[in-house]
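Worksheet for the structure shown next.
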Amino acid sequence: MHLPLPSTAITLLLATLPTSSSTPTMGFIGCSMAENTAQGYLTVDGQRMWGPYGTGGMVVQSWTTTSSPSWQLFDAQAAKYGLPSAVWVQFCIYADPGITYDEAQLLIANARQHAAPGARVYVTGQPGYEGDGVCARAGKDGPAITAGMARRVAEDEKLNVTWPGEFTLRKGEVLADGCHANVAGLEALGRQAVAFWG
Ligand SMILES: *[C@@H]1O[C@H](CO)[C@@H](O)[C@H](O)[C@H]1NC(C)=O
């Protein structure tokens, strides 16, 4: 005998299905600005990259030591989704201490160590601000310094990383703190991420 499912059971079944059809295969590291991007990426239906996982305040120095609390958070994501086949390394800084080339290289090496063998590594700076926008915590030249570092490591062939371009927040897309994205900015960052790596 074949009983039809009551409609409440069907509703329950549908409610338990994940809204996203695929498991994300791309990890990321960075600070709240990477988190902003991951938030926006979800709102524009990005499928490849992980959602936000609590990386607020995690500037470059949070990721230079491979066993740091930040990398432990990353590993928890990798345990959930599988070792990522690609990782976005965002260089995000406080004006002081900023970032050195050695630190940039450490982030790339650590990303490789925490990802699947042969994983593709993307590098970018933190988002730039259109016009005279300044994120005081990163310093007036913070975005340009991090973007310059991303270009520099991408030119170093032995590091084998991909620079897809830089993120930009326009006027009207930034919160009063001068750094973070508002709702429109989140979506803008998400769309830029989709354009960079799908
Ligand atoms: C460079 O990275 C790509 C992934 O982007 C990987 O497939 C390739 O094996 C790497 N090359 C070397 C020499 O490690």
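Here, each number is a calculation from the coordinates, and none is a lab measurement. Everything numeric here is computed off the predicted structure, so don't read it as measured data. Note that each Cβ is placed from the backbone with ideal geometry, even for glycine, and that neighbours are counted across all protein chains shown.
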(message) Using a 10 Å cut-off around each Cβ, can you sort Met149, Met33 from fewest to most neighbouring Cβ atoms?
(response) Met149, Met33
(message) What are the ³J(HN,Hα) couplings of the range 183-198, residue after residue, when phi is run through the Karplus curve with 6.51, -1.76, 1.60 and θ = phi - 60°? Round to Hz, x for glycine and proline.
(response) 4, 5, x, 4, 5, 4, 5, x, 5, 5, 4, 4, 5, 6, 9, x
(message) What does DSSP give for the chain in terms of the percent of beta bridges that are antiparallel, rounded to the nearest 5?
(response) 5 percent
(message) If amide hydrogens are placed 1.01 Å from N in the peptide plane, which non-local residues have theirs closer than 5 Å to the one on Thr162?
(response) Val121, Tyr122, Val123
(message) Counting only helical runs of four or more DSSP H residues, what would the 222 nm mean residue ellipticity of the chain come to if each run contributes -39,500 (n - 2.57) and the total is spread over all its residues?
(response) -12500 deg cm²/dmol
(request) Taking the Cα centre of the range 97-198 as origin, work out the dipole magnitude from +1 charges on Lys and Arg Cβ and -1 charges on Asp and Glu Cβ, in debye rounded to 20. (result) 180 debye
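Counting pairs of alpha carbon atoms under 8 Å apart in space and at least six apart in sequence, what relative contact order in percent does the range 59-176 give?
Rounded, it is 28 percent for the range 59-176.
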(request) Report, by chain and number, residues whose modeled amide H sits under 5 Å from the one on Thr168, excluding near sequence neighbours (fewer than 5 apart, same chain). (result) Gly128
(message) Report the gain in length on full extension from Thr100 to Ala79: 0.36 nm times residue separation, minus Cα-Cα distance, nm rounded to one decimal.
(response) 4.5 nm
(message) Using +1 at the C-beta of Lys and Arg and -1 at the C-beta of Asp and Glu, which of Ala95, Val123, Ser22 has the Cα lying farthest in the positive direction of the dipole of the chain?
(response) Ser22
(request) Apply the Karplus parameterisation 6.51 cos²θ - 1.76 cosθ + 1.60, with θ equal to phi minus 60°, to every residue of the range 61-71 and state each ³J(HN,Hα) to the nearest whole Hz, in sequence, with x for glycine and proline. (result) 5, 6, 10, 7, 9, 5, 9, 5, x, 5, 5
(request) Express in whole angstrom the spacing between the alpha-carbon centres of the range 132-153 and the range 28-103. (result) 17 Å
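Given 20 °C and 1.002 mPa s, compute D for the chain with the Stokes-Einstein relation, Rh being the Kirkwood radius over Cα pairs; round to the nearest whole µm²/s. Write out the running numbers ahead of the final one.
Values: Rh = 17.5 Å.
Result for D is 123 µm²/s.
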(message) Going 7 Å from the Cα of Asn182 along its beta-carbon direction, which residues of the range 92-128 have the amide nitrogen within less than 18 Å of the resulting point?
(response) 128
(message) Tell me whether the range 117-198 comes out rounded, prolate or oblate; compute the Cα gyration tensor, take square roots of the eigenvalues as a ≥ b ≥ c, and use a/c under 1.5 as the rounded threshold.
(response) oblate
(request) For a label point 7 Å from the Cα of Leu175 along Cα→C-beta, name the residues of the range 43-78 whose backbone N is under 12 Å from it. (result) 56-57
(message) Which residue, Thr65, Val194, Leu107, has the largest displacement toward the positive end of the dipole of the chain when charges sit on each Cβ (Lys, Arg +1; Asp, Glu -1)?
(response) Val194
(message) For a quick check: with amide H placed at 1.01 Å from N, whose amide H comes under 5 Å from Val174's, ignoring anything fewer than 5 positions away on the same chain?
(response) Asn182
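What number, in percent, do you get for the relative contact order of the range 24-111 if the mean sequence gap of Cα pairs under 8 Å and at least 6 apart is divided by its residue count?
It rounds to 39 percent for the range 24-111.
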(message) Can you tell me which aspartates and glutamates have their Cα less than 19 Å from the Cα of Lys140? Leave out same-chain residues fewer than eight positions away.
(response) Asp96, Glu130, Asp132, Glu166, Glu173, Asp177
(request) Could you give the size of the charge dipole of the chain about its Cα centre, using +1 on the Cβ of each K and R and -1 on the Cβ of each D and E, expressed in debye and rounded to the nearest 20? (result) 400 debye
(message) Once you place label points 7 Å from the Cα toward the Cβ at Gln72 and Arg151, how far apart are they in nm?
(response) 3.9 nm
(message) At 0.36 nm per residue, and after removing the present C-alpha to C-alpha distance, how many nm does the segment from Arg191 to Ala136 gain when stretched out fully?
(response) 17.3 nm
(message) Cut-off is 10 Å between beta-carbons; in what order do Thr23, Thr124 appear when sorted fewest neighbours first?
(response) Thr23, Thr124
(message) Test of understanding: ordering Glu157, Glu187, Glu35, Glu173 by Cβ neighbours within 10 Å, fewest first, what list do you get?
(response) Glu157, Glu187, Glu173, Glu35
